[in-house]
Amino acid sequence: MTNHYNEEHSTVPLLQHGKQVSLDFYGNRALPLRTGGARSTFPVLLFNCLAVLSLYGVSYNLVLFMVSKLGLSNAAASSQVSIWTGVHDFSPLLVAYISDSYLGTFVTTLAGSFVFFGGLALLSLAVLFLEHQDSPSLAVTWLFFVALYVVALSKGFVASLLAFGAGQFDEEDPVEAASKSSYFSWYYFCSSMGLLLAVLGVVYIEDRMGFSTALFVCGGAILLGIAVFCGAAKLYRYDCILTGNPFAKLLHKDSRSSLAGILWVWLGSVVYETMKAQTFSLFVEQAALMDTKVGGFRIPPASLNSFDPISFLVWTLVYDRVLVPVMRRATGNSRGFTFFQRMGAGLVAMTAAMACAAVLETERLANFHRQRGTIVLWQIPQFVLIGGSKVFYYVGLVEFIYERAPENLRTLGVGMVFFASSVGCFLSGFLVSITSRITGERGWIPRNLNDGHLDYFFWLLAALGSANWLFFLAYTNLNDWSKRKL
């Protein structure tokens, strides 16, 4: 439900103390005891978990399906998946603009999720046809790619969903303000749970029962999420979209200052995402050259990535249930940690993960030359550090940008966080290419990593992370945000 008002003619004052007033399901001013708060976010969190499960249920094994059923080469399939990934990482920005400018977070989330479901339904049919064709027909191939990009473009509704959930809390209420800080952690906790379910459940269905069956399961999951989300409609607080230019706030000096601060912090997040991108590329290649047999079982190299969401889940519980209460008592800050303390700790953890990977690679190379193997489980510490860095830095970044963005542009701010991931992946690929070109065919990252020095590249990333942390530290000390317990 979205309410469009002209502020001059509305009988309900939409601004109070400079902030927009939330409305209930019936269009009246929302009452705190009846709407919003932590209880209204449970359906949002479950919906997010099911949405992430559905999205990653599509992306896993997509490249293998393109090779086996569409007849694409490995390079062509990889290129297609990379383009598709770039589109679905960019889509939150587009959806966020629509949300902040025209529809509001609730309607944008609902409309986007229905389009997402429609794309999944079309994709399921296309895959079902392809699985029963000896050679793919042109019409079905077109249907496959059209449906695939409908899914990618509509995926951006998760940005408006996150912002809608955050809008359920009153920042002026100390209890709700504390709950709001926890909300961001639990939102990404549920995202990690959805990712883990996709890895353990949907991928298993794909391997045993086919890609089309897995897609039908994903479609059912998103429908269930929509039903749960809509079923709690009377519990929510709804935003008001004021008529006129939605970017009018940018003209104010304070808003320009806030956006400038967000931009500088966002640029640092691109460096963070560049380091994080290694989990799906060089970490996997490193694991492939290690001893993957443990207790008579062979561990697929890419499966070590499952320790990322698992460690995120554990770190979230430790952060929210142990560290935050301790810091609240010590500092008097309702959030426990300030934004910059939290993000700074996350940057340190990510840099430590790159250093850990470098040390492991040095040891792996030494063992290779001694004709000894290195157990792949030694990669677990670097994934644990990355999971911890997400809890501190990534969640802190989302909360910071949401709080600092002008009220009418908060969803767009959240979309910027998703977009940083896309830019970081691009920069990671660019950095690998430049390093390979400069150091030569038998340099740091050759075709056979046993002949190279991947550890040097990891140390380069650790140095880049250290420089990013120093820049972050200097920038936060030069402005007055830290004095305001941000």
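Points worth noting:
- Among (1) at pLDDT 85 or above; (2) not in a helix (DSSP H, G or I); (3) not polar (S, T, N, Q) - the single one ILE401 does not satisfy: (2)
- Of the residues VAL414, VAL432, the single one that is closer than 22 Å to LEU93 by Cα, part of a helix (DSSP H, G or I) and modelled with pLDDT under 90 is VAL414.
- The range 101-154, subset in contact with a Cys (Cβ under 8 Å, 6 or more places away or on another chain) and surrounded by 23 or more Cβ atoms within 10 Å (Cβ to Cβ), residue farthest from SER59 (Cα to Cα): GLY104
- Residues that are hydrophobic (A, V, I, L, M, F, W, C), over 28 Å from the mean Cα position of the chain (by Cα) and surrounded by fewer than 19 Cβ atoms within 10 Å (Cβ to Cβ), drawn from the range 419-444: ILE438
- Residue-level check: of (1) closer than 17 Å to GLY373 by Cα; (2) of a type in the set (A, V, I, L, M, F, W, C); (3) assigned to a loop (DSSP other than H, G, I, E, B), PHE337 misses just (1).
- The criterion of being surrounded by 14 or more Cβ atoms within 10 Å (Cβ to Cβ), modelled with pLDDT of 80 or more, in contact with a Cys (Cβ under 6 Å, 6 or more places away or on another chain) and not charged (D, E, K, R) holds for LEU45.
- Test: LEU377 is surrounded by 21 or more Cβ atoms within 10 Å (Cβ to Cβ) and at pLDDT 85 or above: no
- Total residues in the range 271-298, condition surrounded by fewer than 18 Cβ atoms within 10 Å (Cβ to Cβ) and outside any helix (DSSP H, G or I): 8
- No other residue among ASN408, ASN367 is modelled with pLDDT under 85 and outside the structural domain of TYR183 (by TED's automatic domain parsing) apart from ASN408.
- Where helices (runs of 4 or more DSSP H) fall wholly inside the range 149-227, the ranges with 1 or more residues that are at pLDDT 85 or above and aromatic (Phe, Trp, Tyr) are 157-166, 174-197.
- The lone exception for ARG447 - which of (1) part of a loop (DSSP other than H, G, I, E, B); (2) over 26 Å from ILE83 (Cβ atoms) it fails: (2)
- Enumeration of residues in the range 208-231 that are within 26 Å of SER40 (Cα to Cα) and touching a residue at least 24 places away in the same chain (Cβ under 8 Å): CYS218, GLY219, ALA221, ILE222, LEU223, LEU224, GLY225, ILE226, VAL228, PHE229, CYS230, GLY231
- Any hit, the range 83-97, residues being free of Cβ contacts under 8 Å to residues at least 60 places away in the same chain and farther than 19 Å from ALA159 by Cα: yes
Listed here are the residues, each with its yes/no results for (1) closer than 21 Å to GLU273 by Cβ; (2) not in a helix (DSSP H, G or I).
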| position | (1), (2) |
| --- | --- |
| MET327 | no, no |
| ASN333 | no, yes |
| ARG342 | yes, no |
| ALA345 | yes, no |
| LEU360 | no, no |
| ARG364 | no, no |
| PHE368 | no, no |
| GLN371 | no, yes |
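The values are calculated or read from the model by the stated rules, or taken from the named source; none is laboratory data. All values derive from a computational prediction rather than experimental measurement. Quick reminder, even Gly has a Cβ in these numbers, built from the backbone with ideal geometry, and neighbours come from all protein chains shown.
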